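Q: Can you keep this structure in mind? I'll have questions shortly.
Taken together, the values in this text are just the output of simple stated rules run on the coordinates, not laboratory data. If you're wondering where the values come from, they're calculated on a predicted model, not measured in any experiment. When we count neighbours, we look across all protein chains shown, and the Cβ atoms used for this are built from the backbone with ideal geometry, even at glycine.
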Amino acid sequence: SRKGYFNFDRFNLKEDIPEIEELISFFKKYNINIVLEGHADNRGSEKYNYTLGYKRAESVKDMLIQKGIPSNQIELFSKGKKQPFFDCSLGCSEEEHSKNRFVLIKLKPN
């Protein structure tokens, strides 16, 4: 799996995923189905962060489609602020919060 990160309250990718061309080649060669799982940090409501996580997953999907991956091979989910990379229930630095704003790119099991 691989992560793409996002700025606070945004759903456009913060930077390119360095390995994206390798991933694209792999997905195309093996006709792989992909699951994109959107995440948000713990600030804001559950509903807002669920929507934000989904929009983040959609932005990665759009990028994959532009690179030639068929949309029917991509499935979207949002975890919102559930299942963070860092547990911020007792507080987090801004850097730790930023690690919770990502889309996880996973292979879908057959």
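Q: Computed from the mean reciprocal separation of all distinct C-alpha pairs, what Kirkwood hydrodynamic radius does the range 20-110 have, in Å? It would help to have the intermediate numbers written out before the result.
A: On the way: mean 1/r = 0.0727 Å⁻¹.
It works out to 13.7 Å.
Q: Tell me the relative contact order for the range 27-90 as a rounded percent, counting alpha carbon contacts under 8 Å between residues six or more apart.
A: Working: 96 pairs, mean separation 29.4, N = 64.
Relative contact order, the range 27-90: 46 percent.
Q: Between D62 and S25, what is 0.36 nm times their sequence separation minus the Cα-Cα distance? Round to one decimal in nm.
A: Once the chain is fully extended between D62 and S25, it gains 11.7 nm.
Q: Counting other Cβ atoms within 10 Å, which chymotrypsin sites (Phe, Trp or Tyr not before Pro) in the range 40-110 have at most 12 and lie in a DSSP loop?
A: On the way: sites: Y48, Y50, Y54, F77, F85, F86, F102; in loops: F85, F86.
Sites meeting the loop and neighbour criteria: none at all.
Q: What FRET efficiency comes out for L107 versus F86 if R0 is 22 angstrom and r is the Cβ-Cβ distance? Round to the nearest 0.05.
A: On the way: r = 24 Å, r/R0 = 1.11.
Once the sixth-power term is evaluated, E becomes 0.35.
Q: Identify, among F86, Q66, N100, the residue whose Cα sits farthest towards the positive end of the charge dipole of the range 58-106, taking +1 on the Cβ of Lys and Arg and -1 on the Cβ of Asp and Glu, with the dipole about the Cα centre.
A: Of the candidates, Q66 comes out farthest on the positive side.
Q: Less than 12 Å Cβ to Cβ from K108, Lys/Arg counted +1 and Asp/Glu -1: what total charge do the surrounding residues give? Present the calculation step by step, with values, prior to reporting the outcome.
A: Details: positive: K106; negative: E37, E75.
Once all neighbours under 12 Å are counted, the net charge is -1.
Q: Moving on. Going Cα to Cα from K29, which lysines come in below 19 Å? Please leave out same-chain ones fewer than 8 positions away.
A: Qualifying lysines at Cα under 19 Å: K61, K67, K106, K108.
Q: Taking the Cβ of S78 as the centre, find all other residues whose Cβ is under 14 Å away and add up their charges (Lys, Arg: +1; Asp, Glu: -1). Spell out each step's value before the answer.
A: On the way: positive: K47, K55, R56, K61, K79, K81, K82, R101, K106; negative: E37, D41, E46, E58, E75.
It works out to a net charge of +4.
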